[in-house]
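J.: The structure's right below; bear with me while I get my questions together.
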Amino acid sequence: MESLTKNKQSRETIRKMAEKYFPDDPLKEYEELTEGYFNVAYEVIFESGRRVILKVAPPEGIPVMAYEKNIMFAEVEAMKRAAADPLIPVPEIYGYDDSRSICSSFYFFMEKRRGNSLYSQSQELSEETVHSLMRETGAINRRINEITCSRFGLPGQTECQGDAWYPVFKRMMDMGLCDAETRAVDLKLPVSEIRERLEKDRRFFEEVTEPRLVHWDIWAGNIFTDGEHVTGIIDWERSLWGDPLLEVGFRTFGSNREFMAGYGKETLTETEERRALWYDIYMAVLQTLECEYRRYETMEMYERGTGLLQRQMSRVRELQAIS
């Protein structure tokens, strides 16, 4: 996927980056990895045959959505925290450079995990194998969510952190809605209604009292597998400290039974379902904005986001009408 935020680098710059952290192993070649949507990523191959992954943050000055500011810092911090649990298959960080002395943006090198994304293999694997992998993913995701912190919010943005979950989530939602207003993105429903209806449902967020590590983006493209087991969970850049129901496996518009079985939570309470519905809406708002901020080649993401936003807001209206 081509995107305005992808900060592509020359061979010479990549060579210098690699030399900083692997001084005794000259660069042989590299290849851009194209499945991602935000950062540019490369597979870097050394003369020894060693392969690592390089991720580079967007160019300085490129407009990004409010929640995306400083998310490479958030990614590295989350990966380091997750790596403390040997049962979470997170790539090892080899080096993180935020000095801008070699490259004009932050970047880091990490381990290349065995296998390929579940998304790229979905047509080759049997249904039984995919179900098994999703159960395994659910179990891994639960371990991720067992990691705690003292404050809720976005790791790289102190202004979006706090001691209570609802004010932080409300701030996150408002950041997305303000991004829409700033760039005149038509959400196809009133921004004021989203704000008012979220406030009306604030009581449903009160039972979330402990900040937990949330990956927030564990979809098939970020699950690596060797065809038998999950070998890696990648793209931690959207990680935050919040409610585990933000995880992709708890979205209410799809069937996630295998994930939930592996997670050990096969049903949601009424209160949990309402929060999960609001997390659908938050995701839909951000999807709707991506085409404007990243200049994708098509408007597919916008149409998907606005469609989901309208459907889920309709459900909120129905639920609020009877409660």
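The values are calculated or read from the model by the stated rules, or taken from the named source; none is laboratory data. Values in this document were obtained by computation on a predicted structure and should not be read as measured data. Neighbour counts are summed over all protein chains in view; Cβ atoms, including those assigned to glycine, are modelled from backbone coordinates with ideal geometry. Please note that ligands, DNA and RNA were not included when accessible areas were found on the heavy atoms of the full protein model with its side chains. Shrake-Rupley method; radii C 1.70, N 1.55, O 1.52, S 1.80 Å.
J.: Any residue in the range 113-126 that is part of a helix (DSSP H, G or I) and under 20 Å from L54 (Cβ atoms)? Step through it out loud before you land on a result.
T.: Let us first name the residues in the range 113-126 that are part of a helix (DSSP H, G or I), namely 118-121.
Now restrict to residues that are under 20 Å from L54 (Cβ atoms): 120.
Yes; the residues of the range 113-126 include at least one that is part of a helix (DSSP H, G or I) and under 20 Å from L54 (Cβ atoms).
J.: Here are E68, E75, E35: which of them is buried (at least 21 other Cβ atoms within 10 Å of the Cβ), acidic (D, E) and touching a helix residue (DSSP H, G or I) at 6+ places or on another chain (Cβ under 9 Å)?
T.: Details: E75 fails: touching a helix residue (DSSP H, G or I) at 6+ places or on another chain (Cβ under 9 Å); E35 fails: buried (at least 21 other Cβ atoms within 10 Å of the Cβ).
Checking each option against the conditions leaves just E68.
J.: Something else now. Does at least one position in the range 215-231 carry a residue that is in contact (Cβ under 8 Å) with a residue 12 or more places away in the chain, of a type in the set (G, A, S) and either over 30 Å from P59 (Cβ atoms) or not in a helix (DSSP H, G or I) (or both)? Can you show your working first?
T.: Of the residues in the range 215-231, the ones in contact (Cβ under 8 Å) with a residue 12 or more places away in the chain are 215-231.
Subsequent filtering for residues that are of a type in the set (G, A, S) retains 220-221, 227.
Subset that is either over 30 Å from P59 (Cβ atoms) or not in a helix (DSSP H, G or I) (or both): 227.
The answer is yes; a qualifying residue exists.
J.: If the Cβ limit is 8 Å and pairs must be 6+ apart or interchain, which residue in the range 179-194 that is within 15 Å of Y282 (Cα to Cα) pairs with which residue that is part of a loop (DSSP other than H, G, I, E, B) and open to solvent by less than 70 Å² (accessible area, probe 1.4 Å)?
T.: Cβ pairs passing all conditions: D179/M65; D179/V185; A180/L187; I194/L187.
J.: Separate question: Checking W236 against (1) over 15 Å from the mean Cα position of the chain (by Cα); (2) assigned to a loop (DSSP other than H, G, I, E, B); (3) at pLDDT 95 or above, only one condition comes out false. Which one?
T.: Here W236 meets the rest and fails (1).
J.: Shifting gears a bit: List the number of the failed condition for F46; all other conditions in (1) surrounded by fewer than 18 Cβ atoms within 10 Å (Cβ to Cβ); (2) of a type in the set (F, W, Y); (3) at pLDDT below 95 hold.
T.: In the conditions (1) surrounded by fewer than 18 Cβ atoms within 10 Å (Cβ to Cβ); (2) of a type in the set (F, W, Y); (3) at pLDDT below 95, F46 misses (3) alone.
J.: Failed condition for D280, given (1) within 29 Å of T306 (Cβ to Cβ); (2) in contact (Cβ under 8 Å) with a residue 40 or more places away in the chain, with all others met?
T.: Single failed check for D280: (2).
J.: For the subset of the range 90-143 comprising residues that are open to solvent by 10 Å² or more (accessible area, probe 1.4 Å) and touching a His at 6+ places or on another chain (Cβ under 9 Å), which member is nearest to L246 (Cα to Cα)?
T.: E136
J.: Looking at this structure, is E111 touching a residue at least 12 places away in the same chain (Cβ under 8 Å) and acidic (D, E)?
T.: Values: touching a residue at least 12 places away in the same chain (Cβ under 8 Å): yes; acidic (D, E): yes.
Answer is yes for this residue.
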